[in-house]
Amino acid sequence: DMDQLLMEHVISQQAKGSADRNRTSTSTSLRRKCREAKERLCGNEDPTNTKDIPTIPPDSVTIDVDDGNSPDKHTVEVTQQKFDTLMEPLVQQAAAVVEEAL
């Protein structure tokens, strides 16, 4: 799923940028942060917005991957372009299923 793909990307990027991989947020916390980042990148910054006011997706989001026990802040930036690239296989799979059903 999209959240899992984004979470795997964030973990891999955090591992590249830090020698201390034990500082990564718990899986549940990181999954929530990735879901929120995905929603923002998809233009759903506030999923509880019931006023049907469209939002413009940001060019990038920054995900805090710190576990909260470190004095240093560990973050991973995900650009809209990178997000689109990560999600492309899922979009293609969905399109193929729809096309086959038609």
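The values are calculated or read from the model by the stated rules, or taken from the named source; none is laboratory data. Since we're looking at a predicted model, the values are computed, not measured. Surface areas here come from the heavy atoms of the whole protein model, side chains and all, with no ligands, DNA or RNA. Shrake-Rupley method; radii C 1.70, N 1.55, O 1.52, S 1.80 Å.
If only residues of segment 1-19 that are at pLDDT below 70 and in a loop (DSSP other than H, G, I, E, B) are counted, the one that is farthest from Val91 (Cα to Cα) is Ala19. When segment 20-66 is filtered for residues that are part of a helix (DSSP H, G or I) and at pLDDT below 65, the ones remaining, listed by number, are Arg21, Asn22, Arg23.
In this structure, does Thr85 turn out to be at pLDDT 90 or above, open to solvent by 80 Å² or more (accessible area, probe 1.4 Å) and β-branched (Val, Ile, Thr)? Yes, satisfied. When segment 84-100 is filtered for residues that are more than 15 Å from Glu8 (Cα to Cα) and of a type in the set (Val, Ile, Thr), the ones remaining, listed by number, are Val91, Val97, Val98.
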